[in-house]
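See below for the structure under consideration.
Values quoted throughout were computed directly from the atomic coordinates according to the rules given, and no laboratory measurement underlies them. This is a predicted model, so every value here is computed, not measured. Here the Cβ is made from the backbone with ideal geometry for all residues, glycine too, and neighbour counts use every protein chain on show.
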Amino acid sequence: MRTLGVLLAILLIAVPPFMAEYHVYLLSLTLLWGIFALSMGLVLGFIGEINFGQAAFVAIAAYASSLLRLKLGFSFWSAAPVALALVVGLAALVGLITLRLRGPFFALVTLGFGEIVRLIITNWQDLTNGPLGLRPIAPPESLFGLRFDSKLGFYYLVFATLCVSLAALARLIRARTGRMMIAVREDEVLAGFVGIPVLRHKVIGLCFSALVAGLGGLLIGPFLTLLAPGQFDLFASVDMVVMVVVGGVGTLAGPLIGAVFLVFMPEALSFARELRPVMMGGLLIIVTIFLPGGVIGLLRHGLTRLSSAGRGRLAVLR
Amino acid sequence: MSAPLLTVENLSRHFGGVRAVNDVSFAVEAGAITGLIGPNGAGKTTTFNLISGLLPPTSGTVRLDGGMLTGLRPDRVAAQGVARTFQGIRIFPALTVAQNLRTAVLAGMRLGFWEDLLNLPAAQRAEAAATRAVTVLLCDIGLEDRADDIANSLSYAHQSLLGIGLALAVRPRLLLLDEPFAGMNPSETQQAARMVTRIRDSGITVVLVEHDMPAVMGVCDHIVVLDQGSKIADGTPAEIRSDRRVIEAYLGTDDDA
């Protein structure tokens, strides 16, 4: 699995310079959604809750950084930490209030949170220009001689962000904090009685998830050169959920595979746009019924059969 | 008689009109095994849940070594040195036996958030210490050769042992065992009873709720009997065996016949 990842990373670095601009764009879009899916994967797989307000974290980082640049003359790089701090702080606040709830109750409250954020963005027209959106959003300024104003340059920025997010989350779930989170997901009551502060670990999980969502959010404005509230509706969050479930819940690679399945493939095979929601729904039903481990579960199953060594079970800690 | 480790005072818990636990007081001596027994619906498990903080009491207090336990969050109760197991067993099902124990061991370690996240030397020391602690615990509960099995795949008796292992990982002063011998055959019960005695001999005070009368009489130093939410007797196994009210509670009075 690890060798496969390294090989894939090398390909993702080496091949794009030889690709058509449209395909580089498509690859950037896929990786960007990969970042969003990764952030949802942490909530779904390691806290064990569904967050229908995840797109709001993306929106807050996107709008905060873009507004700092457009209205106050910040550079992309100086706006980024401010926007990220804002989104993580907000996630902590939201988490402290909502993570006392579980299951459908948590999902409903986060749905409300997502809609409130979207409505504020839509209606605070003096600041956000409402539904007309913010534009034009320039590519990030060059940094250490690296330029991001070409499709390829920006692609590498997205790729680097994905790698950083992935590395951060990989470390998190191997660290004590991550294992405490997994314990809380497995059995909240027991986790409490072995001495784990339950709420604290759920909130930390949500903050990390918001950080990753925010990292992606920083990039979405420059990527599309435009920010509008419609990009961050409920369906954006639902798409992330579908990606995680299709790819495989409780893993880090799963959400990325899901993003490839749901962004790259339909576009590359030029499916009709209108069919996408239907396809998403259909895929979700098929996967939940026939492949509860997601695509990655299927891959692992295949690998175990080949090597007939490991266990077929979905591992949480490897 | 030394000062009691655990003091339960006028503890009550009402569910609507039902007085599940009604004005129960008793003391648990340090270094002993105390049994909490009674017929079905006597309020044993509710009492346990009140002591461990899973349920808030309607009134009354629970003190550990003079410090108040009532009203503390579960992880704070654990930090005070109180661990518990659960009726029907609670473990972390998808983790291996070793990972289960490691989780509980790590939970109790002092380690800064960033030290842990950045894997600084302090974190590496903690992990190494955890590895040693897990080895000892595996040996204590006799599951050495099951270390890498997924907890969910263990037999009921083994899961029950793992549940006790998780509680021991907290390094408790007071261990609350909720029906530790449930679902075990006689030889497994004997083995588990010997383990409970060993736990006491290692200096941990034990309180257990149990239905298996011979096991309770054999293993406990002191017994508290509940019936319909109230305490009806409190004494050594020999005293309890000959107590008229206890016999009535279990077998019914002549009037019932």
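Three principal axis extents describe the C-alpha atoms of segment A:18-307; from largest down they are 51, 43, 39 Å. Shown for segment B:172-257 is the translational diffusion coefficient from the Stokes-Einstein equation, using the Kirkwood radius over Cα pairs, a temperature of 20 °C and a viscosity of 1.002 mPa s: 152 µm²/s. Within segment B:95-171, the proportion of Cα pairs with more than 20 Å between them is 31 percent.
Computed from backbone phi with θ = phi - 60° and the Karplus coefficients 6.51, -1.76 and 1.60, the 3J(HN,Hα) list for segment B:90-100 is 10, 9, 8, x, 8, 8, 6, 4, 5, 5, 3 Hz; x is used for glycine and proline.
Counting Cβ atoms of other protein chains within 10 Å of each Cβ in B:69-82 and taking the mean gives 3. Could you tell me which residue out of A:LEU7, B:LEU120, A:LEU172 lies farthest along the dipole of the protein assembly as shown toward its positive end? Charges go on the beta carbon: Lys and Arg +1, Asp and Glu -1, centred on the Cα centre. Selected residue: A:LEU7. The three principal axes of the C-alpha atoms in chain B carry coordinate ranges of 69, 39, 38 Å, sorted with the longest axis first. In this label model, A:ARG147 and A:SER78 are separated by 2.4 nm, measuring between points 7 Å along each Cα→Cβ vector.
For peptide A:177-183, the mean count of partner chain Cβ atoms within 10 Å of a residue's Cβ comes to 5. With a cut-off of 12 Å on the backbone N, the residues of segment A:78-122 near the modelled label site 7 Å out from A:LEU234 along Cα-Cβ are A:108-116. Counting only residues at least eight positions apart within a chain, or on another chain, the lysines with an alpha carbon under 30 Å from that of A:LYS151 are A:LYS71.
What length, rounded to one decimal in nm, is gained on full extension from B:ALA129 through to B:SER59, with 0.36 nm per residue of separation minus their alpha-carbon distance? Write down the numbers at each step before the final one.
On the way: separation 70, 0.36 × 70 = 25.20 nm, distance 4.12 nm.
Net length gain for the segment: 21.1 nm.
Taking the charge dipole of segment B:126-257 about its Cα centre, with +1 at Lys and Arg Cβ atoms and -1 at Asp and Glu Cβ atoms, the residue from B:LEU166, B:SER187, B:THR236 reaching farthest to the positive side is B:LEU166. As an exercise, use a Förster radius of 41 Å and the Cβ-Cβ distance of B:TRP114 and B:GLN87 to find the FRET efficiency, rounded to the nearest 0.05. Calculated transfer efficiency: 0.55. Residues whose amide H falls under 5 Å from that of B:ASN22, counting only those 5 or more places apart or on a different chain, are B:ARG13, B:SER230, with hydrogens built in the peptide plane.
Can you give me the Kirkwood hydrodynamic radius for segment A:202-258, using every pair of distinct Cα atoms, in Å to one decimal? All intermediate terms of the calculation are to be shown ahead of the outcome.
Numbers: mean 1/r = 0.0792 Å⁻¹.
Computed over Cα pairs of segment A:202-258, the Kirkwood hydrodynamic radius comes out at 12.6 Å.
In peptide B:100-110, how many Cβ atoms from other protein chains are near each Cβ within 10 Å, on average?
On the way: counts 4, 1, 4, 13, 7, 2, 9, 12, 3, 2, 0.
Shielding by partners across B:100-110 averages 5.
In plain terms, the residue of B:ARG19, A:ARG300, B:ARG241 with the fewest other Cβ atoms within 10 Å comes first and the most crowded comes last, giving B:ARG241, B:ARG19, A:ARG300.
Can you say what percent of the DSSP beta bridges in the protein assembly as shown, counting only those with both residues inside, are antiparallel? Round to 5.
Numbers: 23 of 39 bridges.
The antiparallel proportion sits near 60 percent.
Cα-based values for the protein assembly as shown, radius of gyration first and Dmax second, are 28.3, 96 Å. Label separation (A:GLN125 vs B:MET68): 5.6 nm, computed from points 7 Å beyond Cα along the C-beta direction.
Using the beta-carbon distance between A:VAL15 and B:GLN190 and R0 = 45 Å, what value does 1/(1 + (r/R0)^6) give for FRET efficiency, to the nearest 0.05?
Details: r = 66 Å, r/R0 = 1.47.
According to the calculation, E is roughly 0.10.
Taking label points 7 Å from Cα along the Cα-to-Cβ direction, B:GLN228 and A:LEU298 give a separation of 6.3 nm. Backbone geometry of segment B:191-208 corresponds, through the Karplus equation with coefficients 6.51, -1.76 and 1.60 at θ = phi - 60°, to 3J(HN,Hα) couplings of 4, 5, 5, 4, 5, 4, 4, 4, 4, 4, 5, 7, x, 9, 6, 10, 10, 10 Hz, x marking Gly and Pro. The lysines within cross-link reach of B:LYS231, meaning a Cα-to-Cα straight distance under 22 Å and a gap of 8 or more places when in the same chain, are B:LYS44.
Which of B:CYS139, B:CYS220 comes first, and how do the rest follow, when ranked by fewest Cβ neighbours within 10 Å? Write down the numbers at each step before the final one.
On the way: B:CYS139 10, B:CYS220 25.
The fewest-first ordering by Cβ neighbours comes to B:CYS139, B:CYS220.
Based on Cβ point charges of +1 for Lys and Arg and -1 for Asp and Glu, what charge dipole magnitude is obtained for segment B:58-187 about its Cα centre, in debye rounded to the nearest 20?
Details: 12 positive and 12 negative charges, 93 e Å.
That gives a dipole near 440 debye.
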